[in-house]
Amino acid sequence: MASSVPGPIPLPDSRHDLSTYLGRVKHCAEISDPTMLLTTSKDIEESKRLIWDYKNGLIPEMTPKLWRAKKILDSSIHPDDGKTVLLPFRMSSCVLSNLVVTAGMLTPGLGNMGTLFWQVANQSLNVAINTANANKSHPLTTKQMATSYLMAVGASCGVALGLNSIVPKLKNVSANTKLILGRLVPFAAVVSAGIVNVFLMRGQEIRKGISVFDEDGNDLGTSKRAAFKAVGETALSRVINATPIMVVPPLLLVQLQKSVLRNKSLGVVTAANIGLIFTTSLVALPFALAVFPQKRIVDPSSLEPQFHNLKNKEGKLITSVWFNRGI
């Protein structure tokens, strides 16, 4: 993010009002804009220079060019360490990166082997995105990441295979209801594994705490309560993010297969499925991401006593602090 560029002058968080849901939706639409994938290393370095000039007083006010530079950095740079996030794991790549695995998981008629393959592929992508975008206060060891990955894979595969065996055996349930429930099995697997994944991958943050800052960006220390809020909200956001993408396309596909797609070839059905997933992801992602702000502002009294009654350099009581929630 642009906030990682050094300088005494604070940078506006966004051109939109992040205290409102609609403002965050507009902001998330910018950072998840797939066109940001076309930015080059030269664009990123030029954007850093422009933002540095602003934060060090060489440019007096935000201009369209500066807002563009901030958008590039916000969609490409990690806010904690200032490093460029690997291309497939940036938020601007989220729709495209998830398209293939989501389409695979939602393919009608997958057998057990197909289910296992796509659940493993999805959790592999999730681990990569979690690692690339998580709060960097306490990076995980290779062993911890491997353990978390294997447990998340186990959770997703266990739920998917378990529900796949249970749904067909349900009694007093119509064939159409069983069909719908069967199409929603990937959603249940993704949600359960996503929650497990987040808490395991970021468990170190809960145990040790994450950095908390004042309004001027000064590090006030680490907080376990802030970490629990950050990880808990991120886990809940996984459910919110997955809901429209994993629920809307399969339910629509069920209806389309009864009408316009009836008796169509597998290729046509697959193309329709991918189109539904892509469109839903593109439209729904900003609304899902905006539910919780990434820069989480809280009252110091909601954290540990060490953050209560702190004063800034001017001797004024600090009434709000913030931390990076992570993605």
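The values are calculated or read from the model by the stated rules, or taken from the named source; none is laboratory data. In this text the structure is predicted, and so the values were computed from the model without any measurement. Methodologically, a virtual Cβ is constructed for each residue, glycine included, from the backbone with ideal geometry; neighbour enumeration extends over all protein chains shown. Only protein heavy atoms, including side chains, enter the accessible area calculation; ligands, DNA and RNA are left aside. Shrake-Rupley method; radii C 1.70, N 1.55, O 1.52, S 1.80 Å.
Among the residues of the stretch 141-165, those identified as open to solvent by 50 Å² or more (accessible area, probe 1.4 Å), assigned to a helix (DSSP H, G or I) and either at pLDDT below 85 or under 21 Å from GLN204 (Cα atoms) (or both) are THR142, LYS143, GLN144, MET145, THR147, TYR149, LEU150, MET151. Looking at PRO168, is it buried (at least 19 other Cβ atoms within 10 Å of the Cβ), in a helix (DSSP H, G or I) and not acidic (Asp, Glu)? The answer is no for PRO168. Collect the residues in the stretch 29-42 that are open to solvent by 60 Å² or more (accessible area, probe 1.4 Å) and either assigned to a helix (DSSP H, G or I) or of a type in the set (Lys, Arg) (or both), keeping them in residue-number order. Scanning the stretch 29-42 gives THR35, LEU38, SER41, LYS42.
Quick check: is even one residue across the stretch 17-28 among the acidic types (Asp, Glu), open to solvent by 20 Å² or more (accessible area, probe 1.4 Å) and in contact with a Ser or Thr (Cβ under 9 Å, 6 or more places away or on another chain)?
Just the residues of the stretch 17-28 that are among the acidic types (Asp, Glu), to begin with: 17.
Restricting the remaining residues to those that are open to solvent by 20 Å² or more (accessible area, probe 1.4 Å) gives 17.
Narrowing further to those that are in contact with a Ser or Thr (Cβ under 9 Å, 6 or more places away or on another chain): none.
No, because not a single residue in the stretch 17-28 is among the acidic types (Asp, Glu), open to solvent by 20 Å² or more (accessible area, probe 1.4 Å) and in contact with a Ser or Thr (Cβ under 9 Å, 6 or more places away or on another chain).
Conditions tested, residue by residue: (1) open to solvent by 50 Å² or more (accessible area, probe 1.4 Å); (2) touching an Asp or Glu at 6+ places or on another chain (Cβ under 6 Å); (3) under 30 Å from ALA132 (Cα atoms); (4) polar (S, T, N, Q).
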residue: VAL248; (1), (2), (3), (4): yes, no, yes, no
residue: LEU253; (1), (2), (3), (4): no, no, no, no
residue: SER259; (1), (2), (3), (4): yes, no, no, yes
residue: ASN263; (1), (2), (3), (4): yes, no, no, yes
residue: GLU314; (1), (2), (3), (4): yes, no, no, no
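Would the stretch 241-256 turn up any residue that is part of a helix (DSSP H, G or I), in contact (Cβ under 8 Å) with a residue 60 or more places away in the chain, of a type outside the set (A, V, I, L, M) and farther than 27 Å from ILE31 by Cβ? Let's see the steps before the verdict.
Let us first name the residues in the stretch 241-256 that are part of a helix (DSSP H, G or I), namely 241-256.
Still in the list and also in contact (Cβ under 8 Å) with a residue 60 or more places away in the chain: 245-247, 249-251, 253-254.
Pick out the ones that are also of a type outside the set (A, V, I, L, M) and you get 249-250.
Keeping just the survivors that are farther than 27 Å from ILE31 by Cβ gives 250.
Yes.
Among the residues making up the stretch 216-231, a single one is surrounded by 15 or more Cβ atoms within 10 Å (Cβ to Cβ) and touching a Pro at 6+ places or on another chain (Cβ under 9 Å): LEU220.
The sole residue among ASP33, ASP74 that is closer than 18 Å to ASN324 by Cα and either out of contact with any strand residue (DSSP E or B) (no Cβ under 6 Å at 6 or more places or on another chain) or acidic (Asp, Glu) (or both) is ASP74.
If the condition is being assigned to a helix (DSSP H, G or I) and either free of Cβ contacts under 8 Å to residues at least 24 places away in the same chain or in contact with a Pro (Cβ under 8 Å, 6 or more places away or on another chain) (or both), then the stretch 43-69 contributes GLU45, GLU46, ARG49, LEU50, TRP52, ASP53, LYS55, PRO64, LYS65, LEU66, ARG68. Answer with yes or no whether LYS178 is assigned by the TED database to the domain that holds LEU116, open to solvent by 50 Å² or more (accessible area, probe 1.4 Å), charged (D, E, K, R) and assigned to a helix (DSSP H, G or I). Answer is yes for this residue.
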